[in-house]
Amino acid sequence: MSTAPPPSAPPAAATRSRRPATLTEWLRGRTDAQLADLLRRRPDLALPAPADLAMLAGRLSVRTSAQRAVDGLDAFVLRVLETLVLCAVGDVAPLAEAGRLLGDSVTAADLSRGVDELLALGLVWGDADAPRLVSGVAEAVGPYPAGLGRPAHTLLRRVSDLQLAPVLRALGLPPAAQPGAGDAVAAVLGSPHQLAELIAQSDPAEREVLDRLGAGPPNGGVRNAQLPSARPDMTPPHRLISRGLLIPLDAQTVELPREVGIALRGAALGMVRPTPPVIDTVERDPADLDRLGTTAVLDTVRLVEALGEAWTSRPPVALRAGGVGIRELRRTANDLGVEERVAALLAETGYAAGLLGPVGGAEPVYLPTADYDIWRRRDPAQRWTGLAAAWLAMTRQPSLVSQRDDRDRLISALGPDAERGTVPALRARVLEVLTTLSPGAAPSARAAVLARLSWASPRRAGTLRPLVEAVLAEADLLGVTAAGGLTGYSRTLLAGSRAAAEHALANALPVPVDYFLVQPDLTIVVPGPPTAELGTELALAADLESSGGASVYRVTEASVRRALDAGRSGAEVSALVTERSRTPVPQALSYLIDDVARRHGVLRAGAAAAYLRCEDEALLSRVLADRHVGSLQLRRIAPTIAIATAAVTRVLEALRESGYAPAAEAPDGQVITLGAAPPRAPSRPVPRALRPRTAGESSAQLAEVVRRIRSGEALTTLSRRIAPIAQQVPGVTSAATMALLRQAIRDGQRVLLGVVDPDGTTSRHTILPISLAGGFVRGHESATQRLQSFPLHRLTAVTVVDDVDFDDEDDPA
């Protein structure tokens, strides 16, 4: 025979089924896993960690936090929330009414899933069959949920009796002299039968206006909207106003009442997919997609290196506000043979990777950093992964460069106006869509990616299109994607394993070659990516004409002279060609190298401020008579020697620009190479990519936050039940406090201390005191089991807690 519980103790089942009366009470009934999931989905709630559940409930109601959570909802869950807002009475939203508004296209299972998602996000609380809106959520949704206007009774409060007169006549209602005329019109609009008859009376022009506003937004502009008229030549909006189907807000604006909007949609809010739209794809073999992407990878590495060399020889001047001017960017694009937008992307990515940096001085410029030289010596796979990781993490938006800002000023590359803190998250979202596709698959159109992102974040869809287009274009240019699909090494990099991505890319890249084929037209064909050493030598001795699976270089007089200027001798250039070529060297190429080498260095420049020495007196006379070098102010002091006021480097540069082939010499007459150590900007820390936390790390951290919240809640509950035995003003230690602490030490009792921290905030600590001396009470804190010390002058309250029976406490969870 079972024993009935005592009357004072309600049955356990009844306790469990009791509906929570407050948001804090509802949070108290959530499991630790549910609270951890809430903090994971809305991380702003945990920064800093709430002291207890009441504080967490307060943060759930903060408008900015609710707005951020609402903006992150997908289209279906957002529509469910909008429907709950529409049918809510107070803050309670009946689920049956919400299902009726959503229509037959939404199943009960889908609706239940949407409500569960809102409960998990803390946007609604209570029971799933009658959820309650958290304070501030309706405001975050906005005044027009699902694109519907406000209720008719709300709008009609703003309409004067004069404006209501033709509406009352059209509806066959008594004149507005009696009170409640607006309510009478609202009652007609609230009657489905009467409202359907009013809508059916609309002609095609009126129905077009209704359908346009019914699809949302519900506001429209109408001239003289508040002037009543019974003329037969009224416009369609005025005729709708006269029948109450549109309600004027002011002289220029009207609004479609909510009841009319719902009726126009067929008693449902419109079809919204409960699942994301399917992306049509083009399938390829993953290995083929990787090989396709390596072409862009090698081009990216080559162009960033070329940009570094171009900025070494001619550093762009930094603007006063920061960044590189449009003219300098255009010059860089011409040097690289690319469009300005590509040059901006390369500069921004190189800067984010720490390869470029500013140098101060009388004329600030941008130069490669010391890390650039280290980067050049690495393998292509390592070089590219560094660039790709920097692009993924950088808070810069290169697509803004050369556009105009809100003040009609041009946005410069590397300038402050191209900074956008939300861009890394957008890149991650775009690439996450591509990771959901099977390996080797690519979207058939970029619009499909935009449609998926618009479904996932419909409230942000208005600004998505240009940004998504820019991210996908940049990913293709850098080699992160190929033909629109995510490559295998990029998938690995996005998963967080940079070393594995380098290995995968190294396997996909063609094997570097250390030879080339010389053609009779003085072109050099490299049948694959050149080794680092061969690429450096070819960049000096020849000009790149095309790149791809094979690179084509052309040897010219200027390119040979460039190699000689860099310190190579004619014999070394000839050895490069003969030793690395797999085909016979054309005689014309040998003659070209020998001829340029013979003429190179006939003119010699040294330091006086600078001097010019030449054994050929006729050549020196021709130089002195050349108007193109007049700025050097050369003066002849001997038949074979002239001096200049300009520096040696300027003399060499001016002579080379005029078509001569001078060389620098040391005081002993030996030919030297100036600028062997190129100028470099100081290295700077690179912004670190946010490492994605593993599931274990995230779960452990969230579990610790939940544990602290539960502990704080238990202390809050305890402090409400226990009256403080000793209270005091901070800074004044009473005799009663001292006596209480000494007694607790003797009896081995725990005490709850109220403490004012140095910054003025208050905190509570439960300790087992062990000593009282020197103005401090010391003891082991229960929460951390660590020895803590608290100044007596900072205590605000002391309470003995060991004499409380904790078994009588309700479980704070």
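The values are calculated or read from the model by the stated rules, or taken from the named source; none is laboratory data. For clarity, every value in this text was computed on a predicted model and none was experimentally measured. Neighbour counts run over all protein chains shown; Cβ positions are idealised from the backbone, glycine included. These area figures cover heavy atoms from the full protein model, side chains too; ligands, DNA and RNA do not enter into them. Shrake-Rupley method; radii C 1.70, N 1.55, O 1.52, S 1.80 Å.
Sub-7 Å Cβ pairs linking a first residue in segment 505-533 that is free of Cβ contacts under 8 Å to residues at least 24 places away in the same chain to a second residue that is surrounded by 15 or more Cβ atoms within 10 Å (Cβ to Cβ) and part of a helix (DSSP H, G or I), at least 6 apart or interchain, are P530/L538, ordered by first then second residue.
Test G462 against the stated conditions and say whether it is within 19 Å of the chain's Cα centre (by Cα), assigned to a loop (DSSP other than H, G, I, E, B) and within 28 Å of V70 (Cβ to Cβ). No; evaluated as a whole, the condition is false for this residue.
Residues in segment 455-474 that are under 16 Å from L400 (Cα atoms) and either modelled with pLDDT of 90 or more or not hydroxyl-bearing (S, T, Y) (or both): L464, R465, P466, L467, V468, E469, A470, V471, L472, A473, E474.
Within segment 521-535, being at pLDDT 90 or above and open to solvent by 60 Å² or more (accessible area, probe 1.4 Å) holds for one residue alone: D521. Checking each residue in segment 346-369 for being in a helix (DSSP H, G or I), touching a strand residue (DSSP E or B) at 6+ places or on another chain (Cβ under 8 Å) and of a type outside the set (S, T, Y) picks out A347, E348, G350, A352.
How about segment 40-56: which of its residues are within 19 Å of R30 (Cβ to Cβ), within 30 Å of the chain's Cα centre (by Cα) and not in a helix (DSSP H, G or I)?
R42, A49, P50
Look at R157 and say whether it is without any contact (Cβ under 8 Å) to a residue 24 or more places away in the chain and surrounded by fewer than 17 Cβ atoms within 10 Å (Cβ to Cβ).
In short, no.
The C-beta contact set for segment 73-95 (first residue over 15 Å from A461 (Cβ atoms), second residue assigned to a loop (DSSP other than H, G, I, E, B) and of a type outside the set (F, W, Y), distance under 7 angstrom, 6+ apart or interchain) comprises L81/L73; L81/L123; T83/L269; L84/A93; L86/L148; C87/A93; C87/P94; L95/D129.
Among the residues of segment 203-217, those that are of a type outside the set (D, E, K, R) and out of contact with any Pro (no Cβ under 8 Å at 6 or more places or on another chain) comprise P204, L210, L213, G214, A215, G216, P217.
The condition of being within 15 Å of the chain's Cα centre (by Cα) and either closer than 25 Å to R460 by Cα or surrounded by 14 or more Cβ atoms within 10 Å (Cβ to Cβ) (or both) holds for only one of Q403, Q397, that being Q397.
If you go through segment 455-493 and keep only what is on the phi > 0 side of the Ramachandran plot and hydrophobic (A, V, I, L, M, F, W, C), you end up with just A483.
Of the helices (runs of 4 or more DSSP H) entirely within segment 57-118, those holding at least 2 residues that are more than 22 Å from S135 (Cα to Cα), open to solvent by 10 Å² or more (accessible area, probe 1.4 Å) and at pLDDT below 90 occupy 95-102. Within the bounds of segment 371-394, is there any residue that is of a type in the set (V, I, T), open to solvent by less than 40 Å² (accessible area, probe 1.4 Å), touching a Pro at 6+ places or on another chain (Cβ under 8 Å) and modelled with pLDDT of 90 or more? The answer is no, given that none of the residues of segment 371-394 is of a type in the set (V, I, T), open to solvent by less than 40 Å² (accessible area, probe 1.4 Å), touching a Pro at 6+ places or on another chain (Cβ under 8 Å) and modelled with pLDDT of 90 or more.
Within segment 789-813, being of a type in the set (A, V, I, L, M, F, W, C) and either assigned to a strand (DSSP E or B) or at pLDDT 85 or above (or both) holds for F790, L792, L795, A797, V798, V800. Listed by first and then second residue, the pairs with beta-carbon distance under 7 Å, at least 6 apart or on different chains, first residue in segment 620-637 and closer than 19 Å to G601 by Cα and part of a helix (DSSP H, G or I), second among the aromatic types (F, W, Y) and open to solvent by less than 100 Å² (accessible area, probe 1.4 Å), are V623/Y660. Across segment 562-579, the qualifying residues are those that are modelled with pLDDT of 90 or more and open to solvent by less than 50 Å² (accessible area, probe 1.4 Å), and the one among them that is nearest to H600 (Cα to Cα) is V573.
Identify, please: which residue in segment 172-193 is assigned to a helix (DSSP H, G or I) and in contact with a Leu (Cβ under 8 Å, 6 or more places away or on another chain) and is, among those, nearest to R265 (Cα to Cα)? The extreme case among them is L189.
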